[in-house]
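Undergrad: One structure, pasted below without further comment.
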Amino acid sequence: MTVEFPAFTHTILAAKKAKGISFADLETILGRDEVWIASLFYGQNSASPEEAQKIAEALGLGEEAIAALTSYPSKGLGPVVPTDPLIYRFYEIMQVYGYPMKEVIHEKFGDGIMSAIDFTLDIEKVEDPKGDRVKVTMNGKFLPYKKW
């Protein structure tokens, strides 16, 4: 089963590729993180009209792209287990380390969750003689459950 992306995703990714622009380039233009910008392309977040205009100009796109980038997002991949190998590895990491991470977070912070709203995600390339490494940093505000 494949994940269905918004109709504009393929168009905007093709325009980005045709222009030879990276997400890091767009980060410089927009002043937003490259991962957050990529999430716009997949309909997981929405841009302000000004942000959408800058992206559209950089990629040579028109009003349709601006409208798509500023529309309300529909977040998540859906109920399916991801089949893309890279995305599946994150799913697998959560299967193996999810409960241990939860336990350590509770031990350090108490009963609560890490926000996915007040949240940043950074991806870095770390050069290593044994093979380059991917460094993923998730940074979310702790939100304690309240009693009533």
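The values are calculated or read from the model by the stated rules, or taken from the named source; none is laboratory data. Keep in mind that this is a model prediction, so the values were computed, not measured. A quick note on method: Cβ atoms are made from the backbone with ideal geometry, for glycine too, and the neighbour counts reach across all protein chains shown.
Undergrad: Restricting the search to segment 89-128, which residues are among the small types (Gly, Ala, Ser) and in a strand (DSSP E or B)? Walk me through how you get there before you give the answer.
TA: Just the residues of segment 89-128 that are among the small types (Gly, Ala, Ser), to begin with: 98, 110, 112, 115-116.
Correct list: Gly112, Ser115, Ala116.
Undergrad: Determine whether Met94 is under 20 Å from Ser39 (Cα atoms) and under 20 Å from the mean Cα position of the chain (by Cα). Show your work before the answer.
TA: Values: under 20 Å from Ser39 (Cα atoms): no; under 20 Å from the mean Cα position of the chain (by Cα): yes.
No.
Undergrad: May I ask you to verify whether Leu143 is in contact with a helix residue (DSSP H, G or I) (Cβ under 9 Å, 6 or more places away or on another chain) and either closer than 28 Å to Arg32 by Cα or not in a strand (DSSP E or B) (or both)?
TA: Spelling it out, it is not the case that Leu143 is in contact with a helix residue (DSSP H, G or I) (Cβ under 9 Å, 6 or more places away or on another chain) and either closer than 28 Å to Arg32 by Cα or not in a strand (DSSP E or B) (or both).
Undergrad: Now for a separate question. Suppose the filter is within 21 Å of Glu4 (Cβ to Cβ) and in contact with an Asp or Glu (Cβ under 8 Å, 6 or more places away or on another chain); does Leu69 pass it?
TA: Values: within 21 Å of Glu4 (Cβ to Cβ): yes; in contact with an Asp or Glu (Cβ under 8 Å, 6 or more places away or on another chain): yes.
It is true that Leu69 is within 21 Å of Glu4 (Cβ to Cβ) and in contact with an Asp or Glu (Cβ under 8 Å, 6 or more places away or on another chain).
Undergrad: Quick check, is Leu86 touching a Leu at 6+ places or on another chain (Cβ under 6 Å) and part of a helix (DSSP H, G or I)? Working first, answer last.
TA: Numbers: touching a Leu at 6+ places or on another chain (Cβ under 6 Å): no; part of a helix (DSSP H, G or I): yes.
In short, no.
Undergrad: In the set Phe119, Phe41, which member is in the same structural domain as Lys16 (by TED's automatic domain parsing), under 19 Å from the mean Cα position of the chain (by Cα) and surrounded by 12 or more Cβ atoms within 10 Å (Cβ to Cβ)?
TA: That would be Phe41, the only listed residue that is in the same structural domain as Lys16 (by TED's automatic domain parsing), under 19 Å from the mean Cα position of the chain (by Cα) and surrounded by 12 or more Cβ atoms within 10 Å (Cβ to Cβ).
Undergrad: Cβ-Cβ distance below 7 Å, separation of 6 or more or different chains: which pairs start in segment 13-32 with a residue that is more than 11 Å from Leu59 (Cα to Cα) and end on one that is not in a helix (DSSP H, G or I)?
TA: Hits for this filter: Glu27/Asp33.
Undergrad: Listed residues Gly110, Gly43; which is out of contact with any helix residue (DSSP H, G or I) (no Cβ under 9 Å at 6 or more places or on another chain) and at positive phi? Lay out the reasoning, then the answer.
TA: Values: Gly43 fails: out of contact with any helix residue (DSSP H, G or I) (no Cβ under 9 Å at 6 or more places or on another chain).
Exactly one of Gly110, Gly43 is out of contact with any helix residue (DSSP H, G or I) (no Cβ under 9 Å at 6 or more places or on another chain) and at positive phi, namely Gly110.
One line per residue, one yes/no per condition, for (1) in contact with a Cys (Cβ under 7 Å, 6 or more places away or on another chain); (2) on the phi > 0 side of the Ramachandran plot; (3) among the charged types (D, E, K, R):
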{"position": "His10", "(1), (2), (3)": "no, no, no"}
{"position": "Ala24", "(1), (2), (3)": "no, no, no"}
{"position": "Glu34", "(1), (2), (3)": "no, no, yes"}
{"position": "Gly60", "(1), (2), (3)": "no, yes, no"}
{"position": "Ser71", "(1), (2), (3)": "no, no, no"}
{"position": "Lys75", "(1), (2), (3)": "no, no, yes"}
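Undergrad: Another question about this same structure. If we scan segment 104-114, do we find a residue that is touching a residue at least 24 places away in the same chain (Cβ under 8 Å), within 29 Å of Pro6 (Cβ to Cβ) and loosely packed, with under 10 Cβ neighbours inside 10 Å? Don't jump to the end; show me each part of the working.
TA: Going through segment 104-114, the residues touching a residue at least 24 places away in the same chain (Cβ under 8 Å) turn out to be 105, 109-114.
Then drop every residue that is not within 29 Å of Pro6 (Cβ to Cβ), which leaves 113-114.
When the remaining residues are screened for being loosely packed, with under 10 Cβ neighbours inside 10 Å, the result is none.
Within segment 104-114 (the criterion being touching a residue at least 24 places away in the same chain (Cβ under 8 Å), within 29 Å of Pro6 (Cβ to Cβ) and loosely packed, with under 10 Cβ neighbours inside 10 Å), the answer is no, since none of the residues qualifies.
Undergrad: In addition: Is there any pair linking a residue in segment 64-80 that is in a helix (DSSP H, G or I) to one that is modelled with pLDDT under 80 and of a type in the set (A, V, I, L, M), with Cβ under 7 Å and at least six apart or on different chains, and which?
TA: Correct list of pairs: empty, since none qualify.
Residue by residue, here is whether (1) under 26 Å from Met138 (Cβ atoms); (2) at pLDDT 95 or above holds:
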site: Glu27; (1), (2): yes, yes
site: Phe41; (1), (2): yes, no
site: Asn45; (1), (2): yes, no
site: Pro49; (1), (2): no, yes
site: Gly60; (1), (2): no, yes
site: Pro82; (1), (2): yes, no
